[in-house]
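For reference, the structure is listed below as structure tokens.
Quick note: the coordinates plus some simple rules give every number you see, no bench work behind them. As the structure is a prediction and not an experimental result, all values here were calculated from the model. Cβ: placed from backbone, ideal geometry, glycine included. Neighbour counts: every protein chain shown.
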Amino acid sequence: SGPLVIAVDGPAASGKSTVARRLAAHFGLAFLDTGLLYRAVARRMIDRHLDPGDALAAAGEAEALVPEDVDERRLRGEGVGQGASKVAVVPAVRAALLPFQRRIATSGRGAVLAGRDVGTVICPDATCKLYVTASVAERARRRFEELRGRGEAPIYERVLEELIERDRRDQARSVAPLRIADDALTLDTTRLDADASFAEAVRLVSGQL
Ligand code: C5P
């Protein structure tokens, strides 16, 4: 049989990356958080004083991306996340990042990929697809706590507004919008902590293997 591919999609701060990372360790698979690639493109633009809304410049930066750009420590801020959702609407950016994502998914025993379009575009034939979600208020609360934990001084209302804005941009774009794949199983983590979310994810995935 071919590689085992688990696609984990969902909106910002839904818990998808944490669930996906733990699934990868559990099943002994590689892990890729595809959002980091879009964040790395946005970061390159910010560092070069380019506007993330400039489609042509974004495409150039996506093509110039090198592994050293994908340094998680420099990519987690909300400003980079907003920039990422702007460069992510550019078809040439998505096309430039696609081969790398497919290569990770199909090499070795397989992989768990977290993102927005893994089950719909990157790996439509994935062995198993999860759509991880949570209420927007709960997602804002989690992002707020995460920012506080990093020593920032977030304002809850601002965090909530930015999440709503990012959800809107991710769902409204014409190329690879965030949507639930027809064959995905939904995992709502609103009332689940990280351990309970992971346990439920293992149960859902195991049922599909
Ligand atoms: O998941 P994360 O918040 O790191 O993603 C940042 C942004 O990158 C998202 O808001 C989305 O616009 C974009 N993205 C995407 N497709 C993916 C992963 C992320 O368009 N597969």
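Here are a few things to note about the model shown:
- Put simply, of Leu178, Leu160, Leu130, Leu147 the only residue that is in a loop (DSSP other than H, G, I, E, B), surrounded by 17 or more Cβ atoms within 10 Å (Cβ to Cβ) and not small (Gly, Ala, Ser) is Leu178.
- Qualifying positions in the range 151-190 - basic (Lys, Arg), farther than 23 Å from Ala24 by Cα and in contact (Cβ under 8 Å) with a residue 40 or more places away in the chain: Arg166, Arg169, Arg173
- Taking the range 193-204 as the range and being of a type outside the set (Val, Ile, Thr) and touching a residue at least 24 places away in the same chain (Cβ under 8 Å) as the test, the residues that pass are Ala194, Ser197, Phe198, Ala201, Leu204.
- Subset of the range 14-48 [in a loop (DSSP other than H, G, I, E, B) and either more than 14 Å from the chain's Cα centre (by Cα) or on the phi < 0 side of the Ramachandran plot (or both)]: Ser14, Gly28, Leu29, Thr34, Arg48
- Residue selected from the range 181-209 under the condition crowded, with 18+ Cβ neighbours inside 10 Å and of a type in the set (Ser, Thr, Tyr), by the criterion farthest from Cys128 (Cα to Cα): Thr189
- If only residues of the range 110-159 that are under 30 Å from Leu4 (Cα atoms) and of a type in the set (Lys, Arg) are counted, the one that is farthest from the ligand (Cβ to nearest atom) is Lys129.
- Single residue of Arg168, Arg139 found to be basic (Lys, Arg), in a helix (DSSP H, G or I) and either closer than 18 Å to Val19 by Cα or in contact with an Asp or Glu (Cβ under 8 Å, 6 or more places away or on another chain) (or both): Arg139
- Filter result for Val175 (under 24 Å from Val5 (Cβ atoms), among the β-branched types (Val, Ile, Thr) and over 18 Å from the mean Cα position of the chain (by Cα)): no
- Residue count for the range 49-69, restricted to those that are under 15 Å from Lys86 (Cβ atoms), under 19 Å from the mean Cα position of the chain (by Cα) and not in a helix (DSSP H, G or I): 1
- Evaluation of Ala88 against the conditions (1) out of contact with any Phe, Trp or Tyr (no Cβ under 7 Å at 6 or more places or on another chain); (2) in contact (Cβ under 8 Å) with a residue 40 or more places away in the chain; (3) buried (at least 18 other Cβ atoms within 10 Å of the Cβ); (4) of a type outside the set (D, E, K, R) shows that the sole unmet condition is (1).
- Hits in the range 9-53 (condition: closer than 18 Å to Ala105 by Cα, within 12 Å of the ligand (Cβ to nearest atom) and free of Cβ contacts under 8 Å to residues at least 60 places away in the same chain): Leu36, Tyr38
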